[in-house]
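Visitor: For reference, the structure I am asking about is given below.
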Amino acid sequence: MPNVPSIVLNNSVEIPQLGFGVYQIEPDKVRSATERALNAGYRHIDTAAAYANEAGVGEAVRNSGIPRDEIFITTKLRNADQGYESTLRSFERSSHELGLEVIDLYLIHWPYPRHNLFVGSWKALEKLYADGAVRAIGVSNFLQPHLERILTEGDIIPAVNQIELHPTFQQTELTEYSVAHGIAVESYSPLGQGQDLSGTVVKEIAAAHGKSPAQVVLRWHLQRGFIVIPKSISAQRVQENIDVFDFSLSQDEVALINGLESGLRTSGDPATFDFPQI
Ligand code: NAD
């Protein structure tokens, strides 16, 4: 089994640095996909209320035979449920779907800023944390102005900011701001949804190490200190994406990949992203 290192969050909770994302895995396929990931050695699963697949993730985790405290589960609050009271109700639904007593990490999925509810949602996350229902709380897709409001109006500093981050879209300023405030950066769409795997730089580095482009990109995230949650439904790729602990990139190779920034956002812009169903 690969030995996945952990990152220590700002409240001392440890999160495996590499996890398995289940976005867009259909409800009837997610149980087997999660089982494949657990069998391959992943001990960190990233889901969300909006993915409509929490139940299958929970089933796989509960039936895995792996002690509950060895698996780290993240889920997220959907936009339509933002606001203090509705966040508490939404969390209950997520816990029920997952069938787990305690959730390891609960995130506000998007700031959804036009509705201006995220500070109230954050206060609800703080209550869930104080009650022991979650081991850590954080945010996702938060830009600096959204983080600033949480830092000034909230009592707890988010443990994590999960943001789109891959070689062609690195969000360097946001990353530096997050880290400077003790907020761990978690890269979503870490492979650029597959689009960052075909460039010459990544392919040449991969050939030099006898590794795949995906493994090189994941290695880059790990060496940059990011938490990373690639997704795949193919057994071979699930295995490939965790087989990244037997080689390392040189500083020059990391720098070459740092140079691939091109502003290629594949997901929504958090400043305007406004879909209640997510
Ligand atoms: P990703 O960058 O992980 O890319 C996934 C795609 O890349 C796969 O569908 C497959 O086509 C390809 N791929 C995967 N492994 C490969 C390999 N070894 N070789 C070649 N191709 C490979 O993108 P993602 O699914 O968008 O993101 C991963 C996870 O991040 C999601 O499952 C979800 O958990 C999370 N996420 C969060 C948000 C958010 O708003 N917080 C948004 C998007 C994704």
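The values are calculated or read from the model by the stated rules, or taken from the named source; none is laboratory data. Computed from a prediction, not measured in an experiment: that's the story for all the values here. We place every Cβ from the backbone using ideal geometry, glycine too, and count neighbours over all the protein chains shown. Please note that ligands, DNA and RNA were not included when accessible areas were found on the heavy atoms of the full protein model with its side chains. Shrake-Rupley method; radii C 1.70, N 1.55, O 1.52, S 1.80 Å.
Visitor: Looking at the chain, send over the antiparallel percent of its DSSP beta bridges, to the nearest 5.
Guide: Of all bridge pairs located within the chain, approximately 15 percent are antiparallel.
Visitor: How much length, in nm to one decimal, is gained on full extension between LYS127 and ASN10, taken as 0.36 nm per residue of separation minus their Cα-Cα distance?
Guide: 40.4 nm is the gain from fully extending LYS127 to ASN10.
Visitor: Can you give the net charge of the other residues whose Cβ lies under 11 Å from the Cβ of PHE247, counting K and R as +1 and D and E as -1?
Guide: -1
Visitor: To the nearest 0.05, what FRET efficiency results for GLU85 and ALA52 with a Förster distance of 30 Å applied to their C-beta separation?
Guide: Result of the calculation: an efficiency of 0.85.
Visitor: How much length would be gained if the chain were fully extended between SER64 and ARG114, taking 0.36 nm per residue of separation minus their Cα-Cα distance, in nm to one decimal?
Guide: Additional length available on full extension: 13.9 nm.
Visitor: Under 17 Å between alpha carbons: how many lysine pairs meet that in the chain, if sequence neighbours fewer than 8 apart on the same chain are excluded?
Guide: Taking the chain as the scope, the lysine pair count is 5.
Visitor: Right, another one. What nm value, rounded to one decimal, do you get for the distance between ASP28 and GLU101 when each label is placed 7 Å out toward the C-beta?
Guide: For the pair ASP28/GLU101, the computed spacing is 3.4 nm.
Visitor: I would also like to ask the following. Return the FRET efficiency for the residue pair VAL254, HIS181: r is the Cβ-Cβ distance, R0 is 22 Å, and the value is rounded to the nearest 0.05.
Guide: 0.40
Visitor: Where only protein heavy atoms count, and the probe is 1.4 Å, what is the accessible area per residue for the chain in Å²?
Guide: Here the per-residue accessible area is 42 Å².
Visitor: Sticking with this one: Between ALA235 and ASP269, 0.36 nm times their residue separation minus their Cα-Cα distance comes to what?
Guide: Taking 0.36 nm per residue and subtracting the Cα distance, the gain is 9.1 nm.
Visitor: Which one of VAL185, ASN116, SER90 is farthest out on the positive end of the charge dipole of the chain, using unit charges on Cβ (Lys, Arg +1; Asp, Glu -1) and the Cα centre as origin?
Guide: Comparing the listed Cα positions along the dipole, SER90 ranks first.
Visitor: Among GLN171, GLN223, VAL238, which residue has its Cα furthest toward the positive end of the charge dipole of the chain, with +1 on Lys/Arg Cβ and -1 on Asp/Glu Cβ?
Guide: It is VAL238, whose Cα lies furthest towards the positive end.
Visitor: What 222 nm value per residue comes from the helices of the chain, counting each DSSP H run with n ≥ 4 as -39,500 (n - 2.57) and dividing by all residues, nearest 500 deg cm²/dmol?
Guide: Roughly -11500 deg cm²/dmol at 222 nm, from the helical runs in the chain.
Visitor: Could the peptides 231-242, 66-77 be put in order, highest first, of the mean number of other beta-carbon atoms found within 10 Å of their residues?
Guide: Ranked by mean Cβ neighbours within 10 Å, highest first: 66-77, 231-242.
Visitor: Ok, one more. With θ set to phi - 60°, apply the Karplus curve 6.51 cos²θ - 1.76 cosθ + 1.60 along the range 60-71 and write out the HN-Hα couplings as whole Hz, x wherever there is a Gly or Pro.
Guide: These are the phi-based 3J(HN,Hα) values: 4, 5, 5, 8, 6, x, 8, x, 3, 6, 9, 10 Hz.
Visitor: Please give the charge dipole size of the range 37-126, origin at the Cα centre, charges +1 on K and R Cβ atoms and -1 on D and E Cβ atoms. Round to the nearest 20 debye.
Guide: 260 debye
Visitor: Only Lys, Arg, Asp and Glu count, each charged at its Cβ (+1, +1, -1, -1), so figure out the dipole size of the chain about its Cα centre, rounded to 20 debye.
Guide: 340 debye
Visitor: What does the net charge come to around GLN144 if you take all other residues with beta carbon closer than 12 Å to its beta carbon, with K and R at +1 and D and E at -1?
Guide: Neighbour charge sum, excluding GLN144 itself: -2.
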